[in-house]
Amino acid sequence: MEVAIVKYNAGNVYSVVNALHRLAVEPLLTDDAEQLAKADHVIFPGQGEASGAMEYLRARQLDKLIRNLRQPVLGICIGQQLLCRHSEEGDTDCIGVFDIDVKRFQPQRHEDKVPCMGWNALKFKGERLKVNGEPCPLFAGLGDEPYVYFVHSYYVPVCDSTAAIADYILPYSAALHKDNFYTCQFHPEKSGKVGERILRNFLEL
């Protein structure tokens, strides 16, 4: 199995590489379109700023490539946000797999801090969190409300593609799922055994 990680203008990519090493997977870190297209699985991770990341992707026409991938794709953190239609961060048009706009957290109380940083529960019970009548396979084998690690200032509102919800200031999309595209706003590579199981579930798709 060949796993490719999208190399682009974003940080924290190597923590995903290390997490895959712990699963005995040697990923290919690349911005080469041909290598990404032929991989069995593609991971689109990172932390960073939306406009700079999209500038890098567009310069290499990777935005179009990613949008048209047919193998399982996993977006992580800013990878989730860049797969949406538009981001308030830098007023940036994104890749557009998910027809929803990314918003900035607006604190409502003194204790509301931005960025959101730390552990929070995933909620994915209920019919409205099913895609085509089925729960998202990323979360197979997990309990009702597993805890995962988040670091972000922007969020994806709850929408038809929401596969898991987290609550910070307001309920938002902690994960999305549409066709062969899966995303996590949280960092599975920093989320202990729960995150390891999520990555393993993705690799088994």
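The values are calculated or read from the model by the stated rules, or taken from the named source; none is laboratory data. Quick caveat, the model's predicted, so the values are computed rather than measured. With ideal geometry, Cβ positions are generated from the backbone for all residues, glycine too; neighbour counts draw on all protein chains shown. Accessible surface areas use protein heavy atoms only, side chains included; no ligands, DNA or RNA. Shrake-Rupley method; radii C 1.70, N 1.55, O 1.52, S 1.80 Å.
What tally of residues in region 1-23 results from selecting those that are in a helix (DSSP H, G or I) and touching a residue at least 24 places away in the same chain (Cβ under 8 Å)? Full working, then the answer.
Of region 1-23, the ones in a helix (DSSP H, G or I) are 13-22.
Checking the rest, the ones that are also touching a residue at least 24 places away in the same chain (Cβ under 8 Å) come to 13, 15-16, 18-20, 22.
Result for region 1-23: 7.
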Study note, to complete from the structure: The number of residues in region 169-205 that are touching a strand residue (DSSP E or B) at 6+ places or on another chain (Cβ under 6 Å), farther than 24 Å from Asp99 by Cα and of a type in the set (S, T, N, Q) is 1
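Conditions tested, residue by residue: (1) modelled with pLDDT under 95; (2) within 17 Å of the chain's Cα centre (by Cα).
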residue: Gly48; (1), (2): yes, yes
residue: Gln61; (1), (2): no, no
residue: Ile66; (1), (2): no, yes
residue: Arg70; (1), (2): no, yes
residue: Ile76; (1), (2): no, yes
residue: Leu83; (1), (2): no, yes
residue: Gly90; (1), (2): no, no
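Select, from Leu65, Leu69, the only residue that is assigned to a loop (DSSP other than H, G, I, E, B), closer than 22 Å to Asp99 by Cβ and touching a residue at least 24 places away in the same chain (Cβ under 8 Å). Walk me through how you get there before you give the answer.
On the way: Leu65 fails: assigned to a loop (DSSP other than H, G, I, E, B).
Answer to the check: Leu69.
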**Study point:** Test for Glu26: is it open to solvent by 10 Å² or more (accessible area, probe 1.4 Å), assigned to a loop (DSSP other than H, G, I, E, B) and not hydrophobic (A, V, I, L, M, F, W, C)
**Key:** yes
**Study point:** Selection count where residues are open to solvent by 20 Å² or more (accessible area, probe 1.4 Å), without any contact (Cβ under 8 Å) to a residue 60 or more places away in the chain and either assigned to a helix (DSSP H, G or I) or among the hydrophobic types (A, V, I, L, M, F, W, C) (or both), scope region 171-205
**Key:** 4
Revision key, fill the gap. Cβ pairs under 8 Å, 6+ apart or interchain, first in region 40-54 and assigned to a strand (DSSP E or B), second at pLDDT below 95, ordered by first then second residue, are His41/Met1; Gln47/Ala10; Gln47/Gly11; Gln47/Asn12
